[in-house]
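The values are calculated or read from the model by the stated rules, or taken from the named source; none is laboratory data. Every value quoted in this text rests on a predicted model; they were computed, and no experiment measured them. Positions of Cβ are backbone-derived with ideal geometry, glycine not excepted, and every protein chain shown enters the neighbour counts. Accessible surface is based on the protein model in full, side chains and every heavy atom, while ligands, DNA and RNA are left aside. Shrake-Rupley method; radii C 1.70, N 1.55, O 1.52, S 1.80 Å.
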Amino acid sequence: VLFLAYFALQVIYARRKYKISPPETTGHPEFERIFRAQANCSEYFPIFVSLLWVAGIFFHQGVAAACGLLYLYTRFKYFQGYAMAAQGRLGPLYASAWLLWLLLGLAVAGLLAHFLLP
């Protein structure tokens, strides 16, 4: 949640810096990149939290926590990269997507083991 607050604050600072009043979402290209990066991170957060929660409960807390920390780090790098240039987001984007797939696999494995094994 602190990451989402940090990203939202970055949008607020960019709005002030480039004098873009809400509800406008267009203007200076740097503002648009920061705004889009924040929106992208916010859109994926419910998926991340859900997968993290299920993987932690049904698979293993330590493994899920490690994946969660890596995911948060890659999303932070995604935000930083996107704020600099649109191409800067690609590496961290692929890494964070891979981590979401890993969390999904852990969650499914944990659920299958919990409900199918005696």
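The slack between residue 61 and residue 43, meaning 0.36 nm per residue of separation minus the straight C-alpha distance, is 4.1 nm.
Around residue 82, what is the net charge, scoring Lys/Arg as +1 and Asp/Glu as -1 over all other residues with Cβ under 15 Å from its Cβ? Residues close to residue 82 contribute a combined charge of +2.
Output the 0 to 90 degree angle, nearest 10, between the alpha-carbon long axis of helix 2-18 and the longest principal axis computed from the alpha carbons of the chain. The answer is roughly 10 degrees.
Assuming R0 = 25 Å, can you tell me the calculated FRET efficiency for the pair residue 111 and residue 2, based on Cβ-Cβ distance, to the nearest 0.05?
E(calc), rounded to 0.05, equals 0.30.
Roughly what angle does helix 90-116 make with the longest principal axis of the chain, taking Cα atoms, 0 to 90 degrees, to the nearest 10? It works out to around 30 degrees. Which entry in [x] 16.9, 61; [y] 12.8, 35; [z] 19.1, 61 matches Rg and Dmax of the Cα atoms in Å derived from the coordinates of this structure? Comparing each candidate, only [x] matches the computed number. Solvent-accessible surface of segment 1-112, taken per residue with a 1.4 Å probe and all protein chains present: 59 Å².
List the trypsin sites (Lys or Arg not before Pro) in segment 7-108 that DSSP assigns to loop (not H, G, I, E or B) and whose Cβ has at most 11 other Cβ atoms within 10 Å. Which are they? Filter output for segment 7-108: 19.
Sparse packing (at most 16 other Cβ atoms within 10 Å of the Cβ) combined with a DSSP loop state is found for the following GluC sites (Glu not before Pro) in segment 1-83: 24.
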